[in-house]
1. Mean residue ellipticity at 222 nm from the helices of the chain, using -39,500 (n - 2.57) per DSSP H segment of n ≥ 4 over the full residue count, to the nearest 500 deg cm²/dmol?
2. Give me the percent relative contact order of the chain, please, defined on Cα pairs under 8 angstrom at least 6 residues apart.
3. Report the charge-dipole magnitude of the chain in Debye, nearest 20, computed about the Cα centre from +1 at each Lys and Arg Cβ and -1 at each Asp and Glu Cβ.
4. Straight-line reach from LYS9: which aspartates and glutamates fall under 18 Å, measuring Cα to Cα and dropping same-chain residues less than 8 apart?
5. Which chymotrypsin sites (Phe, Trp or Tyr not before Pro) does region 1-61 hold that lie in a coil by DSSP with at most 14 other beta carbons within 10 Å?
6. Compare the Cα positions of ILE13, THR1, PRO42 along the charge dipole of the chain (+1 at Cβ of Lys, Arg; -1 at Cβ of Asp, Glu; about the Cα centre) and return the one farthest towards the positive end.
7. Using θ = phi - 60° and the Karplus form 6.51 cos²θ - 1.76 cosθ + 1.60, what ³J(HN,Hα) does each residue of region 58-63 get, whole Hz, x for Gly and Pro?
8. If you build the Cα gyration tensor of the chain and take the root of 5 times each eigenvalue, what three semi-axes come out, in whole angstrom, biggest first?
Amino acid sequence: TFAIKDGEKLVTIAKAYSGLTDKEIVEINKFIRKNVLEKFGPVRTVKPALVFEIAFEGIGFSKRHKSGIAVRFPRIVRWRRDKKMDEIDTVETVKALIQ
């Protein structure tokens with residue numbers, strides 16, 4: 001599950017399951033195991049530290065999602081190891097993509 005900034009908090013924007021190499025998946029799983037903050041059955045909340053670039057087929061406004069945004073067919077483009085959490089996109093930045 002991926003999030004963007006809404007002021008000082010994070011809100012989810014998408015879930016994506018493809019785009020990482022097997023090696024990256026192993027590395028991310030290790031990070032998750034070491035950085036779990038909460039557990040909800042099989043779901044884990046982790047320390048927000050990893051930045052990913054995602055692509056999608058479409059984007060629109062949504063009353064259903066906390067971010068106010070829905071993306072269609074999200075996928076991981078790459079793991080942005082060169083970016084820090086304070087550099088992630090904001091709700092305003094992503095809403096500006098909607099036409």
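Laboratory data are not the source of any read-out in this text; all were calculated from the coordinates shown. Since the model is a prediction, treat every value here as computed from it, not as a measurement. Positions of Cβ are generated from backbone atoms using ideal geometry, with glycine treated the same way; all protein chains shown enter the neighbour counts.
1. Working: 2 runs with 18 residues, N = 99.
My calculation for the chain gives -5000 deg cm²/dmol from helical runs alone.
2. Working: 146 pairs, mean separation 31.6, N = 99.
Rounded, it is 32 percent for the chain.
3. About 360 debye.
4. Leaving aside aspartates and glutamates fewer than 8 places away in the same chain, those within reach of LYS9 are GLU38, ASP86, GLU87, ASP89, GLU92.
5. Working: sites: PHE2, TYR17, PHE31, PHE40, PHE52, PHE56, PHE61; in loops: TYR17, PHE56.
When the chymotrypsin sites (Phe, Trp or Tyr not before Pro) of region 1-61 are filtered for loop state and at most 14 Cβ neighbours within 10 Å, TYR17 remain.
6. Projecting each Cα onto the dipole axis, the largest value belongs to PRO42.
7. Once rounded to whole Hz, the list reads x, 8, x, 6, 9, 8.
8. Values: eigenvalues 102, 49, 37 Å².
In descending order the semi-axes read 23, 16, 14 Å.
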